[in-house]
Amino acid sequence: MSAPRPQHAPLEQFEVRDDCLQVGGMPLTRLAERVGSTPFYAYDRARLSERVALLREHLPPEIHLHYAMKANPMPAVVQHMATLVDGLDIASGGEQRVALDTPMDPGLVSFAGPGKSDADLRCAIAAGVVLNMESDAEMERIAAIGKRMAIRPKVAVRVNPDFELKSSGMKMGGGPKQFGIDAELVPATLRRIGELELDFQGFHIYSGSQNLKAAAIQEAHEKTFALAIRLAAHWPGPLRTLNIGGGFGIPYFPGEQRLDLAAVGANLKRILPGVREHLPDTQVVIELGRYLVAEAGIYVSRVIERKVSRGQVYLVTDGGLHHHLSASGNFGQVIRKNYPVVIGNRVAGGERETASVVGPLCTPLDLLADQMELAKAEPGDLVVVFQSGAYGLSASPVSFLSHPAALEVLV
Ligand SMILES: *Cc1c(COP(=O)(O)O)cnc(C)c1O
């Protein structure tokens, strides 16, 4: 039988030997023995490093690259990323603790997100983490805490832009939002910063996520720089930093095209000299989560049973929605699509069939693959879900149905 055509983009990047997927330089079957039990997530260190190198190759060298930790907060992954990127972006006190355990300079760690607690703010201020302020009320709290601690807190203004990132999977700016200070109110905020004991760093302008269209990202970059230049005119000193967000997407579903990173990089190289004229001393930062880590990770579960119901094959596995909500379709997405899935220990397989991969939860939503063409699998075989290095375990309802937790390994 001829080798099947990969149905999804990511398979092209993974090596297959003797019909077994290779992960972290070893066959998946050996990795599963080493981990000792299924299900597990495996993140490939070499692949993480390669992704950062790819970005360095295409983006202008003067741009700093930050890792947005919420995409994958596993401490070992964060430690590895901290050696590769120029800064870490955190969004909670828990992420702050992990970030401060890395060798990263706290001044290169920035803390965004609404509803920061006073305890989180005290920790950030004491450590010298940059606080991306989401509201004027937060600014006043930060200033008051800084005064009590006799420290000038490092702050940036998160701006809710007056535009949206088009074709974005998740819109994070434009219109009314819980994130950031509305662009039109920022001049007043800057005046107040000048009256308070705050060490102003610059702006954070994040407009969306999971975007595969270079043209949309390029347009957002142009509008972001224009907005930053307009707002910077309201601050008497230079802007130290300008975080222009990220939003670089990865292909999850059949037919999705990779983001044209070369085009995004070339456009930045074209527009940066013009930006420099207005913001000569400003460090430009791009923050990325999933683009850095998603494709380096797989989720592996084991087939417990093969079941045929009215002619349809179900592979019942020990993993599912409780570990990997996004691959299951987020509790009933309007149109559910399959993540890339293979039987990892028989990728091409002697025989192929159409099967659904389901988990052990008592809900029809517990589905990792819906009627996909896969190698014919037997109990004991390993089911692999690709594109699982971001928003996997930490973004899943792990307590739902009280099944055992999944392990995570960095290989
Ligand atoms: C979530 C988030 C990111 C990361 O988004 P990705 O789509 O994973 O790249 C970056 N910046 C901010 C402010 C975020 O909230």
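The values are calculated or read from the model by the stated rules, or taken from the named source; none is laboratory data. Keep in mind it's a predicted model, so treat the numbers as computed, not measured. We place every Cβ from the backbone using ideal geometry, glycine too, and count neighbours over all the protein chains shown.
Just name the residue that is nearest to the ligand (Cβ to nearest atom) out of those in segment 95-117 that are farther than 26 Å from residue 46 by Cα and not hydroxyl-bearing (Ser, Thr, Tyr).
Out of the qualifying residues, it is 112.
Look through segment 300-322, keep the residues that are in contact with a helix residue (DSSP H, G or I) (Cβ under 9 Å, 6 or more places away or on another chain) and assigned to a strand (DSSP E or B), and return whichever of them is surrounded by the fewest Cβ atoms within 10 Å (Cβ to Cβ).
302
If we keep just the residues of segment 359-395 that are part of a loop (DSSP other than H, G, I, E, B) and among the hydroxyl-bearing types (Ser, Thr, Tyr), which is nearest to residue 36 (Cα to Cα)? Reasoning before the result, please.
We begin by selecting, within segment 359-395, every residue part of a loop (DSSP other than H, G, I, E, B); these are 359-366, 376-381, 386-392.
Subsequent filtering for residues that are among the hydroxyl-bearing types (Ser, Thr, Tyr) retains 363, 388, 391.
Numbers: 363: 28, 388: 20, 391: 24 Å.
For segment 359-395, the residue satisfying everything is 388.
If you take just the strands (runs of 3 or more DSSP E) that sit entirely in segment 47-164, which of them hold at least 3 residues that are within 30 Å of residue 407 (Cα to Cα)? Let's see the steps before the verdict.
Details: elements: 64-68, 87-90, 109-111, 130-133, 154-160.
Fully inside segment 47-164 and qualifying: 64-68, 87-90, 109-111.
Looking at segment 1-44, which of the residues that are part of a loop (DSSP other than H, G, I, E, B) and at pLDDT 95 or above is surrounded by the fewest Cβ atoms within 10 Å (Cβ to Cβ)? Steps first, please.
Step one: filter segment 1-44 for residues part of a loop (DSSP other than H, G, I, E, B), giving 1-8, 14-15, 18-19, 24-25, 36-39, 44.
Applying the additional criterion that residues be at pLDDT 95 or above yields 18-19, 36-39, 44.
Working: 18: 10, 19: 16, 36: 8, 37: 11, 38: 20, 39: 27, 44: 22.
Per the stated criteria, the residue is 36.
Pick from 295, 256: which is surrounded by fewer than 17 Cβ atoms within 10 Å (Cβ to Cβ) and either touching a His at 6+ places or on another chain (Cβ under 8 Å) or acidic (Asp, Glu) (or both)?
Details: 295 fails: surrounded by fewer than 17 Cβ atoms within 10 Å (Cβ to Cβ).
Every option except 256 fails the conditions.
Restricting segment 236-249 to residues that are touching a strand residue (DSSP E or B) at 6+ places or on another chain (Cβ under 8 Å) and under 13 Å from residue 282 (Cα atoms), which is nearest to the ligand (Cβ to nearest atom)?
Here is the first cut: in segment 236-249, the residues touching a strand residue (DSSP E or B) at 6+ places or on another chain (Cβ under 8 Å) are 237, 239-249.
Subset that is under 13 Å from residue 282 (Cα atoms): 237, 239-244.
Values: 237: 24, 239: 18, 240: 18, 241: 14, 242: 14, 243: 8, 244: 11 Å.
Ranking the candidates gives 243 first.
Are any residues in segment 85-107 buried (at least 18 other Cβ atoms within 10 Å of the Cβ) and either in contact (Cβ under 8 Å) with a residue 60 or more places away in the chain or of a type in the set (D, E, K, R) (or both), and if so, which ones?
Hits for segment 85-107 are 85, 87, 89, 95.
Could you identify the single residue in 342, 398, 347 that is assigned to a strand (DSSP E or B) and at pLDDT 95 or above?
Values: 398 fails: assigned to a strand (DSSP E or B); 347 fails: assigned to a strand (DSSP E or B).
Going through 342, 398, 347 in turn, just one is assigned to a strand (DSSP E or B) and at pLDDT 95 or above: 342.
Scan segment 212-246 residue by residue and report those that are in a loop (DSSP other than H, G, I, E, B) and surrounded by fewer than 23 Cβ atoms within 10 Å (Cβ to Cβ). Reasoning before the result, please.
Taking segment 212-246 as the starting set, the residues that turn out to be in a loop (DSSP other than H, G, I, E, B) are 212-213, 233-240, 244-246.
If the condition is that a residue be in a loop (DSSP other than H, G, I, E, B) and surrounded by fewer than 23 Cβ atoms within 10 Å (Cβ to Cβ), then 212, 213, 233, 234, 235, 236, 237, 238, 239, 240 are the ones that fit.
Could you please let me know if residue 252 is within 13 Å of the ligand (Cβ to nearest atom), touching a residue at least 60 places away in the same chain (Cβ under 8 Å), in a loop (DSSP other than H, G, I, E, B) and within 13 Å of residue 164 (Cα to Cα)? I'd like the intermediate steps shown before the answer.
Working: within 13 Å of the ligand (Cβ to nearest atom): yes; touching a residue at least 60 places away in the same chain (Cβ under 8 Å): yes; in a loop (DSSP other than H, G, I, E, B): yes; within 13 Å of residue 164 (Cα to Cα): no.
Considered against the rule, which asks whether it is within 13 Å of the ligand (Cβ to nearest atom), touching a residue at least 60 places away in the same chain (Cβ under 8 Å), in a loop (DSSP other than H, G, I, E, B) and within 13 Å of residue 164 (Cα to Cα), residue 252 comes out as no.
Listed here are the residues, each with its yes/no results for (1) within 16 Å of the ligand (Cβ to nearest atom); (2) aliphatic (A, V, I, L, M); (3) in the same structural domain as residue 247 (by TED's automatic domain parsing).
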| residue | (1), (2), (3) |
| --- | --- |
| 53 | no, yes, no |
| 66 | yes, no, no |
| 80 | no, no, yes |
| 83 | no, no, yes |
